[in-house]
1. Around residue 57, under 14 Å between beta carbons, what's the net of Lys plus Arg minus Asp minus Glu among the other residues?
2. What net charge is computed for the residues neighbouring residue 180, neighbours being all others with C-beta under 11 Å from the C-beta of residue 180, Lys and Arg scored +1, Asp and Glu -1?
3. Could you calculate the contour length gain from residue 100 to residue 290, that is, 0.36 nm times the residue separation minus the distance between their Cα atoms, to one decimal place in nm?
4. What is the extension gain from residue 42 to residue 280, computed as 0.36 nm multiplied by their sequence separation minus the C-alpha to C-alpha distance, in nm to one decimal?
5. Mind giving me the FRET efficiency for residue 228 and residue 329? R0 is 45 Å, r the Cβ-Cβ distance, nearest 0.05 is fine.
6. With a 1.4 Å probe and all protein chains left in place, how much accessible area per residue does the stretch 82-130 have, in Å²?
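The values are calculated or read from the model by the stated rules, or taken from the named source; none is laboratory data. Computed from a prediction, not measured in an experiment: that's the story for all the values here. Here Cβ is always computed from backbone atoms with ideal geometry, including for glycine, and neighbour counts include all displayed protein chains. Only protein heavy atoms, including side chains, enter the accessible area calculation; ligands, DNA and RNA are left aside. Shrake-Rupley method; radii C 1.70, N 1.55, O 1.52, S 1.80 Å.
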Amino acid sequence: MKRVFGFFAVPALALPRFVKRWLVLAIDAFLCVLTVWLAFYLRLGVFVPLSGPVLWPVVVSVVVALPLFIRSGLYRAIFRYSGLPAMVAVARALLLYGVVFAAVFTFYGVEGVPRTIGLIQPLLLFVFVGASRAAARVWLGGLYLSQLGNVALRKMLIYGAGSAGQQLASAMASSPDVRVVGFLDDDERLHGHVQNGLPIYNPLDLAEIVAEAEVSDVLLALPSVSRERRNAILDILKPYKVAVRTLPALSDIVNGKVSMSDVRELDLDDLLGREPVAPNGQLLNLNIHNKTVLVTGAGGSIGSELCRQILKTNPRQLLLVEMSEFALYQIHQELLALLKGERPGVLGVLRGRVIWRIFRG
């Protein structure tokens, strides 16, 4: 049954957005009628035909609810990603609807309609509308992603079951490209437990986990761990054929929130056996400040970075030597932009003093 619903989720998601909105609008209209009918049953104990006085609450419900839902933005939400904010929006819209509906049928009153209908029907409508949104999230979100996960999703483990790891798992829960299958953590007290529906494994069991779950990536959610411990973890992961990604430093994660854009490949600093050494400004100024500096291979990756750093130390002249005219043109344009102040934070006091030359061998 789960596979059947997951199969039908694919064509449902492929429908044009305006078709989806009209479909949800029709469902809400049907729920308005259904909840009025059920409210009469709960009040009278018998099912009544939708005719005569019963039509009044049906008409009022549809006429009041649908424009109010449209105005509240309920049809702009993406239901497979809806969560607590979407339910809060539903509750607000239904609260206002309940006030209007109760004012008509409970406080004012309509002949042939019990006054309690004005209270029962809004409660039923809130339950049914909320349940429809939750069902859409499970059907179009969870089942659809689980169906894709059985086909081609990359499976990942998160190293670190702390707050950063939990937020990263939540951020990746709706990703159509990857699926988190569990956590790795050094804390023995957590091994064998489940967090947010994901098991926590012992890193020493990684070989078995990678083989059974077909794990292709490991994400290091350890933004505050020491470099020595990070290197030790990388040594543990080295024998396995998994791609290793990491989060930036804790100071770079604003307000403690983690998103997929924070995940990056390991860089050279992550692989150093020590902390990176910051450049000594006094030594650099001693050999560069107010002097003529020549950089060979200025258009290459190393030479171009040297040019950027040299500009910050305020040389008198900067001579660039490069065999490739195109590479020289690129670094020329970039450094001119720096000198013109188009990139804030870089010294621009050498305006017009840079000399560009091409030396051909």
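1. Net local charge, residue 57 excluded: +1.
2. +2
3. The span from residue 100 to residue 290 would gain 60.7 nm if fully extended.
4. Difference between extended and current length: 77.6 nm.
5. After rounding, the FRET efficiency stands at 0.50.
6. 53 Å²
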